[in-house]
Structures are given as C-alpha cells and as structure tokens.
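Read-outs: derived from the displayed coordinates by stated rules, not from any lab. Note that this is a predicted model, so its numbers are computed, not measured. Glycine also receives a Cβ, built like all others from the backbone with ideal geometry; neighbour counts cover every protein chain displayed.
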Amino acid sequence: MSSLDPSSTESPLLLIPGPTPVPREVLAALARPTVAHNSAAAASDLKALQLGVLRSLGHRPEPGEEQPAVLVTAGSGTSAMESALVNTVAPGASVVVVSHGFFGDRFAAIARAHGAEVELVSCDWGEQVPVETVERALEQTGAKVLTATHVDTANGVASPFSEYARAARAHDALLILDAVASAGGMPLEMEAEGIDVVITASQKALAMPPGLAIVVASRRALELRRQMEGQVSYFLDWLNWLPPMTDPTAHYFATLPTNLIAAGAVAIEIAEGEGWSERFARHRQMARATRRGLRAIGLNTVSGDELLGTTVSALAVPSGITPAALRVEVAKEGIAIAGGLAAWSQTSIRIGHMGATSLPELLAGVAALEQALLRLGAPVERGAGVAELLCGWEAEAVA
Ligand SMILES: Cc1ncc(COP(=O)(O)O)c(C=O)c1O
C-alpha cells in the first residue's frame, strides 16, 4: 500500500476535489434495504433528487411550461459528458469545444471518439478563453453545439459561461456546460442564462457518494435529439431514458442505482435545509478563507480570485518541494489532498473545499499542510495558516 493511499488511514479526511466528504445521514440512507427500481419508493426518491437538482440550477416552475429533463443514471461525470455529446452532435457534425483545462480537453476527446468534427478553442491554464474567440469559432464552423466547462478542476478557473451562452444563442447553437465541479456549490441559473444542457455528477459539491451521472436537458436540447436520426447510442440514448425518468414505476430501460438515488435524495434535503444561496455563499467563504490560510504558508493559486471558482484550488508548490512529497507528508496526518494534473502535475497540488466540507476540516487541512511544509524544510511561520484562515472566515462571514 502506498503512503499516498488514503486507505492507509481508517477514515481519511478527503480534501481532494472529489469525491468529497459525505454526511452520515446520506451514508445511512445508502445502507437502507435496497428497493426495486420500479417501486413507488424509488420513484419518490428519484423525483426528490430531480427536483432538487433543478432548484439548485435556479429552476422556478412556471405553470404550463415544460421543465428540463433530469436524467439520473449510474455513471460518472465522464458518462454524463458523453451522454450530452452523443445526443446532440451526430458523427461528422461540427462542435466547438471551449477548453480552459484538462476536463475541457476531455470533451474534445469524447467528441473525436464519436466521429465529430472538433474545433477546439483553448487558452493557457490559469486563464479564460475570451468570448470573442468562441464567437469566431462558431462563425467559422457554423457548429450547432458548443461545449464549455464551468470550473476546470485541474486549475480551479471558472469560465465566463454566461457570455458563452449569449454567443451560442446569437449563433443559434446549443451550449452544453460541464458543471461537475460546480453544481450545488456555485450559482448557475440554467434557464435564465440560456444553457441548454448542464451535466454533473454526485461526488463533488452535491456531497453525495460517487456513482451518479446527472444530465439536465432543456426542451431545445431534447428537440435537437429528436431531430437526429436513428439511435445515437444504446445505454446513453436520451430517448431510452426519458420514459423511466418520468415514471420508473411504469417504464423500465435499465436498472437504477436505487441506494445511490435514495442517498442523493437525502443529500438534497440537507442542501435545501441550508438553502442553495446560503450554500453558494458558504462556498465563497470556504474558498476565500482557505486560500488566505494557504497563502500565509506559501501556497498560492496561480490565478487571481477574480478568475477562480469557489470549489477547488490548484496551488503551486514552493520550489525544492515536490507535490508527491507534500502529499505523502499530509497523508501521514490522515488527510488526502490531490496532485496536479497533466502539465501541472510536477508543480502543483489541489485542494477541494466544497460540498459538506466544514471549517474544522479546512483548519485541519491547512494545519497538516503547515506541518508537512515544516517537515520538508520550508520557511513557514508556525500557526500562520490556521490564523489567517480563521481571519478570512470571519471576514467572509455569510450575513
Ligand atoms: C470538471 C470535471 N468534468 C468532468 C469530470 C469527470 O468526472 P468523473 O471523474 O466523475 O468521470 C471531472 C472529474 O473530476 C471534473 O472535475
């Protein structure tokens, strides 16, 4: 067993950017006796989860208006990305992929695997892709679908997705937004901002266990799917999933992960007990306070706060210290943090501060990093990180 293996501690504190800590009540729901996928209990849990996800995306039901479809299936964020793509982009059709990091590039890889013509518009990590570049790509390709990532977990930067949504509308294109690292932790008004498909997964700011792929598709997106000929996939085809997602007691397509859905419904209940806007404000507070604490011990984000989301921080490690060594030292304190990805793998670590993560857990994380840096010989003032985090927490207090 490697010393980076979180299982080397019985209950490691997960400060990685997903999966995130899952509240006990949610775990207890997982352990309830399994119900049938077509039972009234499963239908009621599914409905509760679907409506909660919609409300987290700013949905307010209007009488007589068709609400977006919420497809909740077994899978991960990647399967939700693939689902969104194959149901809207036919092989050979053009798609503009906006990428500001590792997961933006993944959309391009999925689209290529599916035989689409990919126009990739990207930027250096730590920056945002300007909307003008996106507009040019839409004009040049005539693509009817645009994909973007809200928060790219590799660098923590948030995209100006509202601007992309306006550009997509102006070019009569559909926007698919990857909100795997933001949904449930950051405000995202799907309908008001004109986003056609939002995809996410259970294991990050929604504070559910891993295993649920969530796709929210607008009426416009569903129409586009219906206009496509033939079957676009078997397991991922929205037309296969829409009937059981409307009423699983009457329609079967494939067995639903009923324990996960029951747990998801409890996670929604907890989130709504807090309130979505209060939850988003708490994420802002966690991000700002944690970054302030980390800065005090020499761990800085590459981008400024104005470009960053509030769920994850990618931090440059001080020179002379490797991300792997830092992670090993932090793991000794029973805390799991993540390494950098791809081009940043040798220079950065990543910390998740989202979902059900609490102030004491963030304090423990910063204290462990401080200890680790001291053991590795970094010139850190003892207690500085924890003190700054607490000051930041107070300064950013949610009114
Ligand atoms: C922004 C983003 N998109 C997509 C994914 C892929 O999700 P999964 O690992 O659940 O397949 C991740 C995973 O971290 C992510 O952070």
Please compute the length gained on full extension between A31 and Q346, using 0.36 nm multiplied by the number of residues separating them and subtracting their Cα-Cα distance.
109.4 nm
Long-range amide H partners of A158 with built H, under 5 Å:
L308, G309
Any idea which of A384, G355, A325 is furthest toward the positive side of the dipole for the stretch 317-399, if Lys and Arg beta-carbons carry +1 and Asp and Glu beta-carbons -1?
A325
Computed FRET efficiency, Cβ-Cβ of R226 and R55, R0 35 Å: what is it to the nearest 0.05?
0.85
Can you find, among L239, A80, A40, the residue sitting farthest towards the positive end of the charge dipole of the stretch 24-273, where Lys and Arg contribute +1 and Asp and Glu -1 at Cβ?
A40
Percent of all alpha-carbon pairs of the chain at distances over 32 Å, whole number, is 35
What FRET efficiency do you get for E272 and K332 if R0 is 30 Å and r is their Cβ-Cβ distance, rounded to the nearest 0.05?
0.20
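Given +1 on the Cβ of Lys and Arg, -1 on the Cβ of Asp and Glu, and no further charges, what dipole in debye does the stretch 24-273 carry about its Cα centre, rounded to the nearest 20?
So the dipole magnitude of the stretch 24-273 works out to roughly 620 debye.
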Order these peptides, 286-292, 100-106, by their mean beta-carbon neighbour count within 10 angstrom, highest first.
286-292, 100-106
Which far-off residues, 5 or more places away or on another chain, put their amide H under 5 Å from the one on G339, with H placed in the peptide plane?
R350
Residue span S162 to S358: 0.36 nm per residue of separation minus Cα-Cα distance leaves a gain in nm of 67.6 nm
For labels at E396 and A192 in the simple 7 Å Cα→Cβ model, what's the distance in nm?
2.2
Distance in nm between pseudo-label sites at E62 and R219 (7 Å out along the Cβ direction from Cα)
0.8
Based on the mean of other beta carbon atoms within 10 Å per residue, what is the order of 160-167, 317-324, 78-85, most packed first?
78-85, 160-167, 317-324
GNM, the chain, Cα, under 10 Å: largest mean-square fluctuation among G211, G64, G365?
G64
Over the stretch 110-232, what is the relative contact order in percent, taking alpha-carbon pairs closer than 8 angstrom and at least six residues apart?
17
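For the ranges 242-253, 197-208, 135-146, 42-53, what's the packing order if you count other beta-carbon atoms within 10 Å of each residue, average per peptide, and put the highest first? All intermediate terms of the calculation are to be shown ahead of the outcome.
Numbers: 242-253: 16.2, 197-208: 29.0, 135-146: 19.0, 42-53: 21.8.
Output ranking for 242-253, 197-208, 135-146, 42-53: 197-208, 42-53, 135-146, 242-253.
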Between the Cα axis of helix 276-296 and the main Cα principal axis of the chain, the angle (0 to 90°, nearest 10) is 30
The extension gain from R112 to Y252, computed as 0.36 nm times the residue separation minus the Cα-Cα distance, is 47.3 nm
What residue among D152, D237, D178 shows peak mean-square fluctuation when the chain is described by a Gaussian network model with Cα springs under 10 Å?
D237
Taking the Cβ of G77 as the center, what net charge do the other residues with Cβ under 15 Å away carry, scoring Lys and Arg +1 and Asp and Glu -1?
-2
Hey, which aspartates and glutamates would be in cross-link range of K332, C-alpha to C-alpha under 20 Å, not counting anything within fewer than 8 residues on its own chain?
D5, E10, E361, E370
At what distance in angstrom do the alpha carbon centres of the stretch 289-317 and the stretch 126-180 lie from each other?
24
If one computes the Cα centroid of the stretch 201-230 and of the stretch 21-99, what distance in Å separates the two points?
6
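Under 14 Å from the Cβ of R220, count the other residues' Cβ atoms, weight Lys and Arg +1, Asp and Glu -1, and hand me the total.
Combined, the nearby Lys, Arg, Asp and Glu give -2.
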Using a Förster distance of 22 Å, the FRET efficiency for S76-A170 (Cβ separation, nearest 0.05):
0.10
What relative contact order, as a whole-number percentage, does the stretch 24-273 give when Cα pairs under 8 Å and 6 or more residues apart are counted?
30
Specify the angular offset, from 0 to 90 degrees and rounded to the nearest 10, of the alpha carbon long axis of helix 384-395 from the longest principal axis of the alpha carbons in the chain.
50
